[in-house]
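Coordinate-derived values only; no laboratory data. Source: prediction; values computed, not measured. Positions of Cβ are generated from backbone atoms using ideal geometry, with glycine treated the same way; all protein chains shown enter the neighbour counts.
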Amino acid sequence: MSLKIIPKDAMAAFVGSLLGAYRVIGPLQKEAKFVFGPLESPDELRLDYDTSILPPKKYVLPQHETLFEFDASSFETKAVIDDQPTVILGVHTCDLHAMQLLDAVFQKTHLDQHYMARRENTILVGIECLDPCDDHSFCKSMGTLTPPTGGYDLHLTDMGDSFAVDVETEKGAWLIVHHAQARDAGDDDYARINAVMSEKWPRFPYKLDFDIGELPALMSVSQKSPLWQQLGDICLACGSCTNVCPTCYCFDVSDKVDLSLTKGHRERHWDSCQLDEFALVAGGHNFRPSRAARQRHRFFRKGKYQTDAYGLLGCVGCGRCARACLVDITPVKTFNELYRQRTGGPRN
Ligand code: SF4
Ligand code: SF4
């Protein structure tokens, strides 16, 4: 829509004004790490964070949530909907791409009123990554180093003494008009932002040995790769990789009944396809009992199934699963090894 400029010394006033009207979530420092959490004051915001332990996904799809309350004696149910107006600040471009996938899953194919209520009341403010988070990130290979079209409301780029603000939606424009001291960008600003963008590009390495467009086809011919057994032999089935992943959305539901045995609530919580009991069904049958089969399933979800179903990436290259895995199972090593097995070596 438009490009605005907010001087850095006006950012505190911008965030302070947002705090008066919204729940404001952003990257905060927690000991030596960063987490997304609710801001209490503007000076807690750390837009210079590298990566967060959990993705901002947890504010649209929480780890635990109550779906509805019920009274079995009267057969009444009441949906519990969280529609608190929220602004999430400082979302990296990989996590914006991941949010687009969640939107497709919960708002387009399987309408989920709980997700939709949160998402419709959430304003996303992205930030351009100017350096890789660390050695594990491979966003450039996955095509997520720039924000997805239509996948944010505002997007910030650090220009030194100011932020350039790409205003993408009406919601974003509302924030700028009502909460920020911003000016229109001029020719000098466009020249600076172009320079910032062209300088950042070489700082990000390609990590995959092949083009990302080849990944679904590569997965199709890798069903019987011996790699799955090798990964299954070392995997601890801890579920850390899926718990930190911005594109994982599997959940389980359970009913909690109070002492009267009539009233209670149904809740859902994140689940993990890597856990031994994930595919355990009534009758005691487990249709994915081996860790090898579950590793294959996980990587097929990331490299093929989501692209087939939604036309979007199932992995956005954030590197969180690689950081979390105690036995060093990573998407980069896995995809590159599958490529090596099919072709004999990396692309020149
Ligand atoms: S699979 Fe790993 S690298 Fe890919 S999006 Fe999930 S956590 Fe990030
Ligand atoms: S984090 Fe590593 S060890 Fe744990 S389930 Fe995932 S791949 Fe297996």
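Odds and ends about this structure:
- The HN-Hα couplings worked out from phi for region 94-110 by the Karplus form 6.51 cos²θ - 1.76 cosθ + 1.60 (θ = phi - 60°) are 4, 6, 5, 4, 4, 5, 4, 5, 4, 4, 4, 5, 9, 10, 10, 9, 10 Hz, whole numbers, x standing for Gly and Pro.
- A straight line joining the Cα centroids of region 85-129 and region 256-299 runs 25 Å.
- Rounded to whole numbers, the Karplus 3J(HN,Hα) couplings from phi for region 291-299 are 5, 4, 5, 6, 5, 4, 4, 4, 6 Hz, using 6.51 cos²θ - 1.76 cosθ + 1.60 with θ = phi - 60°, and x at Gly and Pro.
- Of K140/K302; K171/K302; K224/K302; K108/K263, those spanning more than 27 Å from alpha-carbon to alpha-carbon: K171/K302; K108/K263
- Relative contact order of region 2-203, defined on C-alpha pairs under 8 angstrom at six or more residues apart (%): 26
- Less than 5 angstrom separates the built amide H of F163 from those of I6, K8, all sequence-distant by 5 or more or on a different chain.
- Over the chain, relative contact order from alpha-carbon pairs under 8 Å, at least 6 apart, %: 22
- Remark: spin-label model distance R288-A117 equals 3.0 nm, labels positioned 7 Å along the Cα→Cβ axis.
- Charged side chains reduced to their Cβ positions (Lys and Arg at +1, Asp and Glu at -1) give the chain a dipole of some 1360 debye around its Cα centre.
- Spin-label proximity, R23 to region 91-135 - amide N less than 13 Å from point 7 Å beyond Cα toward beta carbon: 115, 117-123
- In this Cβ point-charge picture (+1 for Lys and Arg, -1 for Asp and Glu), region 2-203 has a dipole of about 220 debye about its Cα centre.
- Taking I234, I88 and counting other C-beta atoms within 10 Å, the order from fewest to most: I234, I88
- Per the Debye calculation on region 221-348 with a single equal scatterer at every Cα and no solvent contribution, log₁₀ I(q)/I(0) for q = 0.11, 0.18 Å⁻¹ amounts to -0.46, -1.05.
- Computed Kirkwood radius, in angstrom, where 1/r is averaged over Cα pairs of the chain: 21.9
- Couplings for region 122-133, taken from phi via the Karplus curve 6.51 cos²θ - 1.76 cosθ + 1.60 with θ = phi - 60°, read 10, 9, 9, 10, x, 9, 6, 7, 9, 9, x, 4 Hz in order; Gly and Pro are left as x.
- Amide proton proximity set for V91, modelled H, under 5 Å, gap of 5+: V125, G126, I127
- For the chain, share of DSSP beta bridges that run antiparallel, in % to the nearest 5: 75
- Residues in region 89-104 reached by a label modelled at K200 [backbone nitrogen below 12 Å; 7 Å Cα→Cβ]: 91-94
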